[in-house]
Amino acid sequence: MLNFSGALGAVATVLVATGVLVTPARAVAQRQVIDNDLSRCAPSAGPAVLVDVSGFKGATGKIRVQAYPATRSAWLESGAWIDRIDVPVQASNGRMKFCLPLPAPGRYGIAVRHDRNGNGKTDLREDGGGFSNNPKASIFNLGKPSVDKAAITVGNAPTSISITLQYF
């Protein structure tokens, strides 16, 4: 019988060094812009977050939904997100649903931004946003709640959450 543990260990080291998370369920590259495929949140699909976003102030512009590791060093840091969905707003009844697959069970935070004019910039007087657990955002914290207020726990199956957009 051949022993592949050395070769597999070397492959795992290369994958980790190149930014690929390896889990028994699946391998996922970090920082992927993905399609909003709701079938990825089927009951047997593995770790994921099904996000129901409501409270849109108009059906214009773009919406961005991002998953972050729920750590102080990664939460809302530029480039630290895991998966991101960027799509035009098509809010039916003021709501949209998104599925963010995750690399493994654990603690994550979800951030949503409604770029009302679609210019790709955050316009504090126009754009809205929200976070997992719906912490109150204010101008004093620049709309960025602590990771402790936004962290959710995701198991081996999709977790459903609701986020209500807030506008200043």
Pairs where the first residue, in the stretch 123-138, is more than 12 Å from LEU165 (Cα to Cα) and the second is hydrophobic (A, V, I, L, M, F, W, C) and part of a loop (DSSP other than H, G, I, E, B), C-beta under 8 Å, 6+ apart: LEU124/PHE168; ARG125/PHE168
Residues within the stretch 69-103 that are more than 26 Å from PHE56 (Cα to Cα) and surrounded by 16 or more Cβ atoms within 10 Å (Cβ to Cβ), tallied: 2
Among (1) within 25 Å of ASP148 (Cβ to Cβ); (2) over 13 Å from the mean Cα position of the chain (by Cα), where does ALA45 come up short? (1)
Right, GLY58: more than 22 Å from PRO145 (Cα to Cα) and either in the same structural domain as PRO145 (by TED's automatic domain parsing) or of a type outside the set (A, V, I, L, M, F, W, C) (or both) or not? yes
Need at least 1 residues that are at positive phi and of a type in the set (Gly, Ala, Ser) per element, so show me which strands (runs of 3 or more DSSP E) inside the stretch 56-120 make the cut, counting only ones lying wholly within it. 106-115
Restricting attention to the stretch 74-110, report how many residues are touching a Ser or Thr at 6+ places or on another chain (Cβ under 7 Å) and either of a type in the set (Lys, Arg) or free of Cβ contacts under 8 Å to residues at least 40 places away in the same chain (or both). 3
Can you name every residue in the stretch 131-167 that is modelled with pLDDT under 95 and touching a strand residue (DSSP E or B) at 6+ places or on another chain (Cβ under 8 Å)? LYS136, ALA137, GLY143, PRO145, GLN166, TYR167
Of all residues being in contact (Cβ under 8 Å) with a residue 24 or more places away in the chain and of a type in the set (D, E, K, R) in the stretch 111-122, which is farthest from VAL89 (Cα to Cα)? Just the residue, please. ARG113
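Go through the stretch 31-52 residue by residue and tally those that are in contact with a Gly (Cβ under 8 Å, 6 or more places away or on another chain) and closer than 19 Å to ILE152 by Cβ. Don't jump to the end; show me each part of the working.
Step one: list which residues in the stretch 31-52 are in contact with a Gly (Cβ under 8 Å, 6 or more places away or on another chain), which gives 31, 47.
From what's left, closer than 19 Å to ILE152 by Cβ: 47.
The qualifying residues number 1.
The values are calculated or read from the model by the stated rules, or taken from the named source; none is laboratory data. Since the structure is predicted, the reported quantities are computational estimates derived from the model, not experimental observations. Ideal geometry is used to build each Cβ from the backbone, glycine not excepted, and the neighbour counts take in all protein chains shown.
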